[in-house]
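Please treat every number below as a calculation from the coordinates, not as lab data. The structure presented is a predicted model; accordingly, all values stated were derived computationally and were not measured.
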């Protein structure tokens, strides 16, 4: 049986260590598609962008998420619903609110509150 020197053993262990660590170097993928949702919400509160600009940006992001097979982040669809309510498009508001409730059932109480707040005209 052939003996391995201390230097050879150290070199082999170093190589094994590098291989093990390189396997862990992949960045985990996010669970949700965020796109520019956070900057859009910031623009909503600072009034840097009009509701129409925000709607266009968020709906474009929604298409990208669907194309990549990723769900949008929690609140994404609800924010779109709020923007449509501000633009007096009640039917689209309701569609996005209901989609938020379907995708994230834990948001039901909040979405029901928003539906009462933005009640459709009689």
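So the values come out like this:
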quantity	calculated
Normalised convex hull volume, segment 37-117, alpha-carbon set, Å³ per residue	87
Length released on extending from residue 95 to residue 46, taking residue separation times 0.36 nm less the Cα-Cα span	15.1 nm
Degrees, to the nearest 10: 76-86 long Cα axis against longest axis of the chain	20
Relative contact order for the chain, counting Cα pairs under 8 Å that sit 6 or more residues apart, in percent	18
Value of [θ]222 nm, deg cm²/dmol, for the chain, DSSP H segments ≥ 4, -39500 (n - 2.57) each, nearest 500	-21000 deg cm²/dmol
Computed lengthening from residue 63 to residue 32, 0.36 nm per intervening residue step minus Cα-Cα distance	9.8 nm
Fully extended contour minus Cα-Cα distance, from residue 116 to residue 4, at 0.36 nm per residue	32.7 nm
